[in-house]
Structures are given as C-alpha cells and as structure tokens.
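Inspection log for the structure reproduced underneath, given as structure tokens.
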Amino acid sequence: MPQYNVNLQDLPGTYNVIGKNQADTEVTYKGTLILSLDANNRVVAKWLINNTQEQTGLGFFKNNILVINFQYLGDDNETYKGVVVYHCLTKDILDGFWSEEYGNPKYLGEERCFRDTDIVTD
C-alpha cells in the first residue's frame, strides 16, 4: 500500500469504530469517535462505545501517527485511563491499538475507525 500523507487538518470528523478489548477473548465492540482540534491544534477525542460508555481524550499527531491519552468513568465510579495509538492509513481510515492502566498487560486492545461519510440534509 503506498504511503498516504495525512495532515492534522484532515483528522476532524466522525468515525465509526470497531474494536477488540484488551483481553484473552474475542469480545468486540462498536462505537463512534468524534475528532476535533482545540485552539492549540491538539486533537480532542470523544468516543461513545456500545451506545453507553463515553470516553474523552486529548492527543497529538505527527508523521501519520495519532496518539491520544484517554479516560472514562467505569461502572464502579472509578476513572480509568489509557492510551491509544492510531496509524492514519488515509484521512478516512485509522488503524489503532490501545492499553488501559488496569488492563491485562499481556494484551493490547485493537481498534479500526472509518470516517462516517453519510451526509445528512434537511
């Protein structure tokens, strides 16, 4: 596959997410990821996983690599933190892996994101 150069300004948008948890199982999940840029050109991320779990993150981008530190409030009311690394294959496809601080250290979660190109018109 030829190298595709992604620019920071290409990243904002909504992506459909499919992923696999950080465990010795094939448990998968789906969700959405919304990327935007803040005033300092940092990447702001918001995930909604399985229509129930909200996660937020702040990241940075260089050489087609997007790194986001994320956190979310678990069912036990504890805050969980982790990091996800995406390789931007194109401006529309992100291929990533992630790890949480309390996840199984023998495994990495996996995630692939596809830009939502559905256009809603009034």
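Tabulated data for the structure shown
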quantity: Selection status of Gly19, open to solvent by less than 20 Å² (accessible area, probe 1.4 Å), in contact with a strand residue (DSSP E or B) (Cβ under 8 Å, 6 or more places away or on another chain), farther than 14 Å from Glu110 by Cβ and modelled with pLDDT of 95 or more; calculated: no
quantity: Residue tally, condition over 17 Å from Ile34 (Cβ atoms) and open to solvent by less than 30 Å² (accessible area, probe 1.4 Å), over segment 68-88; calculated: 2
quantity: Residue tally, condition of a type outside the set (Gly, Ala, Ser), open to solvent by less than 40 Å² (accessible area, probe 1.4 Å) and over 20 Å from Asn104 (Cβ atoms), over segment 22-35; calculated: 2
quantity: Of all residues in segment 97-122 being more than 20 Å from Gln9 (Cβ to Cβ) and open to solvent by less than 50 Å² (accessible area, probe 1.4 Å), the one that is modelled with the lowest pLDDT; calculated: Gly103
quantity: Members of segment 41-57 found to be closer than 19 Å to Asn7 by Cβ and surrounded by 14 or more Cβ atoms within 10 Å (Cβ to Cβ), listed by number; calculated: Arg42, Val43, Val44, Ala45
quantity: Scope segment 54-113; condition out of contact with any Leu (no Cβ under 7 Å at 6 or more places or on another chain) and among the aromatic types (Phe, Trp, Tyr); matching residues; calculated: Phe60, Phe70, Tyr72, Tyr80, Tyr102, Tyr107
quantity: Residue identified as in contact (Cβ under 8 Å) with a residue 40 or more places away in the chain, open to solvent by less than 50 Å² (accessible area, probe 1.4 Å) and acidic (Asp, Glu) among Asp10, Asp38; calculated: Asp10
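The values are calculated or read from the model by the stated rules, or taken from the named source; none is laboratory data. Keep in mind the model is a prediction, meaning the values are calculated, not measured. No Cβ is skipped: glycine too gets one built from the backbone with ideal geometry, and neighbour counts run over all protein chains shown. The accessibility values were calculated without ligands, DNA or RNA, using every heavy atom of the protein model including side chains. Shrake-Rupley method; radii C 1.70, N 1.55, O 1.52, S 1.80 Å.
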